[in-house]
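All remarks here apply to the structure that follows.
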Amino acid sequence: MAPVRDPNTQSNYDQWRTKHTTANFKVDFAAKCLRGSVIIELQSQTDKASKEIVLDSSFVDVSSIKLNSAPSQWEVRERTGPSGSPVHVAVPEGAGKGEVVKLEIDLATTDKCTALQWLTPAQTSNKKAPFMFSQCQAIHARSIFPCQDTPDVKSTYSFIIRSPQVVIASGVPVPDATEDAGEEKVYKFEQKVPIPAYLFALASGDIASAPIGRCSCVATGPNELEASQWELQDDMDKFLDAAEKIVFPYRWGEYNVLVLPPSFPYGGMENPIFTFATPTIISGDRQNIDVIAHELAHSWSGNLVTNCSWEHFWLNEGWTVYLERRILASIHKNDAYFDFSAIIGWKHLEEAVEEYGKDHEYTKLCISHKGIDPDDAFSSVPYEKGFHFIYSLDRLVGRENFDKFIPHYFGKWANKSLDSYEFKATFLDFFSAPEYASLKDKLAEIDWEGRFYNPGLPPKPEFNTSLVDVCFELANKWKQKDFSPSSSDTSSWTGNQVLVFLNVVQNFEEPLTVEQSRNMGKVYGLIDTKNVELKSAYYQIAMKAKDTSSYPGVAELLGNVGRMKFVRTLFRTLTKVDRDLALKTFEKNRDFYHPICRMLVEKDLGLGEVKSA
Ligand code: BES
Ligand code: ZN
């Protein structure tokens, strides 16, 4: 039997595969933990060859494990690096090929759990109730319960969750199943489409919801509900229509969005049934909802068709960025929007390559993950290099042909996981059909190995710059020290156009003067904007200009948003211009940040080693 192909799991999933998981948890806000049991049904892949099951775990307090309802021999072994502590359970008799065994694991999460954040009522916007939420991608599910924490294994799920607050999960609510149990209620959900462990998700708190589309609602704190509904209700069905037309009909039933408290560490997380999203997308101008087009697109790329390990993460994110851009171009009925977003993405890619160095392993499309924490390798590279690879194949075969390949690929791999070579084989096989004979020579020229393993930037295509030309022109004017700006320079622009302009100015060889920078903030309304995307881009310019009057604003923003995209880039610059303030600001907000964000900022600031010493 082939060895497992995911280096970030210690589970022996070549021997056993999870088929169904039942999570039976009480949300204990007082103790800030989940406690209860998981029942994992595993199917033997061999004929009695394996006498033990190995699962991943990380900082979980396991109290008992039953095998087929009887006590078992089990142990949680010592931690080995980022993979955590493997749990070994003896199966003395083994099991015949295809036979299913049942593990019932009693457990509680601990205060070292990296997947969960617990907020006190005081840390929520209406201060009325505590709140908790999970973030399992990439390898944090194992810190909630022992499991085969690899995207190469998919399981159906039942959720039975007891909480005094409303519960949301990555499954479909079971109608009328909510039971009263004193102060608490029991919420039940089913996920009948098999999903990898990283898509397991829970949230609980004072949550209200409102409709935003034909199969969609938005859920969030009662104070935020109206604004969240307004932000999303115009586009939700348009996104869904566009996506279904490009790929095929949505297969999950509902598509809902949970808008989380500001410490949510990502822009969005594609948890099935309920995308989790940062409140920074509720900017009051509908300018940041591309994130929802992106997370919706994951319903096909990632959630149905999944990378088999984090080494092939580009298959999830590159495809998703490609679909996101197709969706945006389709709803604007203008292909320039595809290029517009691609130009912004290219800039992010250049920055990432520059930050790592052009020969760095993390600038490859396929990144070796042996002994590596996937959170450390996370960057724009798999997104944008992945996008450019898919987009280059689209251009190579032509849009009409590529549009036929899209549903073929997602249909063939639905409910499965794959690696880059299986993607290659699927692509070449599809286009080897007689009707594509004229493409033969072009296909033979694709440098697959180079695309997968060359570090640095991929070939840059020609972009349609019609939407960015004005942004470049305005940026050019700012190179003249005596340029006098007016609010009408940008008042009719989209948020993304302003962002492109700010990105260009950020990269000026010579920073703006303090006066120029202040003037820009004032005249273009960037200091008071509610749009965090713009505000943080502006603060980058202000800090590079050494405008010390902007630093308190930076520190304040760092106490109000926990989305890593902003937090990490702001800290990286702040620590260069005022290390003292950076350290103070981090200490002050340590409890506000999600554990994953806290850990990564600690590393970015060079504090990681100090803490663990
Ligand atoms: N799946 C990712 C978030 C993620 C990736 C979490 C890896 C943990 C590990 C999500 O779909 C995503 O890409 N979010 C982006 C949105 C953006 C590209 C529109 C984000 O958070 O910024
Ligand atoms: Zn994504």
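The values are calculated or read from the model by the stated rules, or taken from the named source; none is laboratory data. Treat the numbers as computed from the prediction; the structure is a model and nothing was measured. Heads up, the Cβs are rebuilt from the backbone with ideal geometry, glycines too, and the neighbour counts pull from every protein chain shown. SASA here: full protein model, heavy atoms, side chains in, ligands and nucleic acids out. Shrake-Rupley method; radii C 1.70, N 1.55, O 1.52, S 1.80 Å.
Some points to look at:
- Per-pair calculated FRET efficiency, R0 = 60 Å: LYS48 and ALA210 via Cβ, rounded to 0.05: 0.65
- Alpha-carbon Debye profile of segment 183-330, log10 I(q)/I(0) at 0.17, 0.20 Å⁻¹: -0.97, -1.34
- Over the chain: helical MRE at 222 nm, DSSP H runs n ≥ 4 each giving -39500 (n - 2.57), nearest 500: -11000 deg cm²/dmol
- Were the residues from LEU428 through THR494 laid out at 0.36 nm apart, the gain over their Cα-Cα distance would be 19.8 nm.
- Cα long-axis angle, helix 236-246 against the chain (0 to 90 degrees, to the nearest 10): 80
- Excluding same-chain neighbours fewer than eight residues apart, the lysines reachable from LYS112 by a Cα-Cα span under 22 Å are LYS26, LYS32, LYS588, LYS603, LYS611.
- Sorting 224-236, 191-203 by average packing, meaning the other beta carbons within 10 Å per residue, from highest down gives 191-203, 224-236.
- Two-site label geometry, ASP106 and THR548: point separation in nm, points 7 Å out along Cα→Cβ: 6.1
- Only Cα sites of segment 1-92 enter the Debye sum here, all with the same form factor; the resulting log10 I(q)/I(0) across q = 0.12, 0.19, 0.23 1/Å is -0.42, -1.03, -1.39, listed in q order.
- Pair THR178, ALA437: separation of 7 Å Cα→Cβ label points (nm): 6.3
- Ratio Rg/Rh [Cα only; Rh per Kirkwood] for segment 305-453: 0.96
- Mean Cα-pair separation over length for segment 75-198, i.e. relative contact order, pairs under 8 Å, 6 or more apart, %: 20
- Each 5 Å bin, from zero up to the one with the longest distance, holds this percent of the alpha carbon pairs of segment 469-604: 2, 10, 21, 22, 18, 13, 8, 5, 1, 0.
- A Cβ-based charge dipole, computed about the Cα centre of segment 474-613 with Lys and Arg at +1 and Asp and Glu at -1, lands at about 240 debye.
- Probe 1.4 Å, protein heavy atoms only - accessible area per residue of segment 481-613 in square angstrom: 46
- Using 0.36 nm per residue and subtracting the Cα-Cα separation, the extra length available between ALA90 and ALA30 on full extension is 18.1 nm.
- 0 to 90° range, to nearest 10: angle between helix 336-356 axis and the chain longest Cα axis: 80
- In degrees, nearest ten, helix 564-577 long axis to first principal axis of the chain (Cα): 50
- Shown here: segment 1-197, whose C-alpha atoms stretch 55, 38, 29 Å along the first, second and third principal axes, sorted largest to smallest.
- Taking only the C-alpha atoms of the chain, the Rg (one decimal) and the largest Cα-Cα distance, Dmax (whole number), read 24.5, 83 Å.
- Take 237-243, 384-390 and order them by the average number of nearby Cβ atoms within 10 Å per residue, most first; the result is 384-390, 237-243.
- C-alpha center-to-center spacing [segment 467-506, segment 340-394] in angstrom: 27
- Segment 114-203 - Rg (one decimal) and Dmax (whole number), Cα, Å: 14.1, 41
- A convex hull fitted to the Cα coordinates of segment 257-369 yields 123 cubic angstrom per residue.
- Theoretical FRET efficiency, 1/(1+(r/R0)^6), r = Cβ-Cβ of TYR250 and ASP469, R0 45 Å, to 0.05: 0.80
- Dipole in debye (nearest 20) - the chain, about Cα centre, beta carbon charges: Lys, Arg +1; Asp, Glu -1: 460
- Looking at segment 1-97, the accessible area is 45 square angstrom per residue; that uses a 1.4 Å probe and ignores ligands, DNA and RNA.
- Legend: residue pairs LYS51/LYS370; LYS188/LYS416; LYS238/LYS333; LYS460/LYS544, Cα-Cα distance threshold 19 Å; pairs beyond threshold, LYS51/LYS370; LYS188/LYS416; LYS460/LYS544.
- Net lengthening on full extension, LYS185/ASP528 (0.36 nm per residue, minus Cα-Cα): 119.3 nm
- The relative contact order of the chain comes to 11 percent, based on Cα pairs under 8 Å that sit 6 or more residues apart.
- Surface composition of segment 1-197: carbon and sulfur make up 49 percent of the accessible area, probe 1.4 Å.
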